[in-house]
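*Asks:* Sending over a structure as structure tokens; questions will come in a sec.
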Amino acid sequence: MNKDHYLERSLMSGWEFLTGDIDYTCYGGKWYKQIDDVVYHVIELINWHDATGDTDQPTYNVELQEIDLSIADIESALNCCGWINDETELNHALVVDSVSSYGQYAPMGNWNGNNYRKLLRQAKNESRFIESDHEYHSYMLDRPVNQLGSTACEYARGDFTSALIRGLADNTDPMYRIMGKIQGLSNDDMDQIDESLSDFTLYEDCKK
């Protein structure tokens, strides 16, 4: 990547280019920033028109990801991306990119539009706010990020079971029983899940 490119010297100042095409406005790219010893933020720019072939939608998507290497399955992420886990060859950028590509991150923001500069600026501002405000950071990790109801914290751990159990405990949406059957649960199994599990989560750090 050309370090003299205006985007790195201006809009993405303070962030390092992680991976992508040199023409990232056409083919996408990622930038990253270290937040603390094990936590990184990644901003990914995708050109929807190039990625999907569908031009009847906004041109760009920008996503803000939070990666916590202390909970990431680094070996699986590296294997998925074709890397051999040889510590003499690894560096933090390679590990962060692998975990991001593997999908083991907390989704912390998602924006669509035709002005990629505006979208990247929004993602940077959100990252700064999350980093500086502990209560807001906790709120963002606790919020549901998919139709199943998984929180961002659970999503980062690859935990979709907790949301399924909460949905079955609520017992108002038949989707959860369908999902339960897909996961191999019997009707008896699901009938034993009652409202006492309405706040269930597998991980203590994901409890509200």
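*Asks:* Starting from residues that are out of contact with any Leu (no Cβ under 6 Å at 6 or more places or on another chain) and free of Cβ contacts under 8 Å to residues at least 60 places away in the same chain, keep the ones in the range 150-159 and report whichever is farthest from D194 (Cα to Cα).
*Replies:* Taking the range 150-159 as the starting set, the residues that turn out to be out of contact with any Leu (no Cβ under 6 Å at 6 or more places or on another chain) are 150-151, 154-158.
From the residues that got through so far, the ones that are free of Cβ contacts under 8 Å to residues at least 60 places away in the same chain too are 150-151, 154-155.
On the way: S150: 18, T151: 20, E154: 21, Y155: 23 Å.
Looking at residues that are out of contact with any Leu (no Cβ under 6 Å at 6 or more places or on another chain) and free of Cβ contacts under 8 Å to residues at least 60 places away in the same chain, I get Y155.
*Asks:* Condition test on I165, is it assigned to a helix (DSSP H, G or I), of a type in the set (A, V, I, L, M, F, W, C), at pLDDT 95 or above and farther than 24 Å from I46 by Cα? Please lay out each step first, then the result.
*Replies:* Values: assigned to a helix (DSSP H, G or I): yes; of a type in the set (A, V, I, L, M, F, W, C): yes; at pLDDT 95 or above: yes; farther than 24 Å from I46 by Cα: yes.
Yes.
*Asks:* Now a separate question. For the structure I just gave you, tell me whether N112 is surrounded by 13 or more Cβ atoms within 10 Å (Cβ to Cβ) and in a helix (DSSP H, G or I). Talk me through it step by step, then tell me what you get.
*Replies:* Working: surrounded by 13 or more Cβ atoms within 10 Å (Cβ to Cβ): yes; in a helix (DSSP H, G or I): no.
Criteria not met by N112.
*Asks:* A further question follows. Kindly indicate the residue of the range 116-146 that is of a type in the set (D, E) and touching a residue at least 60 places away in the same chain (Cβ under 8 Å) and also surrounded by the most Cβ atoms within 10 Å (Cβ to Cβ) among those meeting that condition.
*Replies:* Taking the range 116-146 as the starting set, the residues that turn out to be of a type in the set (D, E) are 126, 131, 133, 135, 142.
Next cut, touching a residue at least 60 places away in the same chain (Cβ under 8 Å) only: 126, 131, 142.
On the way: E126: 19, E131: 16, D142: 15.
Per the criteria, the residue is E126.
*Asks:* In a helix (DSSP H, G or I), buried (at least 19 other Cβ atoms within 10 Å of the Cβ) and at pLDDT 95 or above - does that describe any residue in the range 193-207?
*Replies:* Looking only at the range 193-207, we keep the residues that are in a helix (DSSP H, G or I), and these are 195-197, 204-206.
Subset that is buried (at least 19 other Cβ atoms within 10 Å of the Cβ): 206.
When the remaining residues are screened for being at pLDDT 95 or above, the result is none.
No, the range 193-207 contains no residue that is in a helix (DSSP H, G or I), buried (at least 19 other Cβ atoms within 10 Å of the Cβ) and at pLDDT 95 or above.
*Asks:* Do you know which of the residues in the range 150-181 that are over 30 Å from L64 (Cβ atoms) and among the aliphatic types (A, V, I, L, M) is surrounded by the most Cβ atoms within 10 Å (Cβ to Cβ)?
*Replies:* Pass one, the range 150-181, residues over 30 Å from L64 (Cβ atoms): 168-169, 171-172, 174, 177-178, 180-181.
Now drop any that are not among the aliphatic types (A, V, I, L, M), which leaves 168-169, 178.
Working: L168: 23, A169: 17, I178: 10.
Per the criteria, the residue is L168.
*Asks:* With the structure loaded, tell me whether T55 is assigned by TED's automatic domain parsing to the domain that holds R117, free of Cβ contacts under 8 Å to residues at least 12 places away in the same chain and among the polar types (S, T, N, Q) or whether it fails that test. So that I can check it myself, show each step before the final result.
*Replies:* On the way: assigned by TED's automatic domain parsing to the domain that holds R117: yes; free of Cβ contacts under 8 Å to residues at least 12 places away in the same chain: yes; among the polar types (S, T, N, Q): yes.
Answer is yes for this residue.
*Asks:* For the range 162-183, what are the residues that are among the acidic types (D, E) and touching a Ser or Thr at 6+ places or on another chain (Cβ under 7 Å)? So that I can check it myself, show each step before the final result.
*Replies:* Step one: of the range 162-183, the residues among the acidic types (D, E) are 170, 173.
Scanning the range 162-183 gives a single hit, D170.
*Asks:* Continuing with the same structure: Between residues in the range 21-50 that are within 19 Å of K118 (Cβ to Cβ) and residues that are among the acidic types (D, E) and part of a strand (DSSP E or B), which pairs lie under 6 Å by C-beta distance while being six or more apart or on different chains?
*Replies:* Listed pairs, sorted by first residue: K30/E44; H41/E66; E44/E63.
The values are calculated or read from the model by the stated rules, or taken from the named source; none is laboratory data. Keep in mind that this is a model prediction, so the values were computed, not measured. Because the Cβ atoms are built from the backbone with ideal geometry, glycine has one as well, and the counts that use them run over all protein chains shown.
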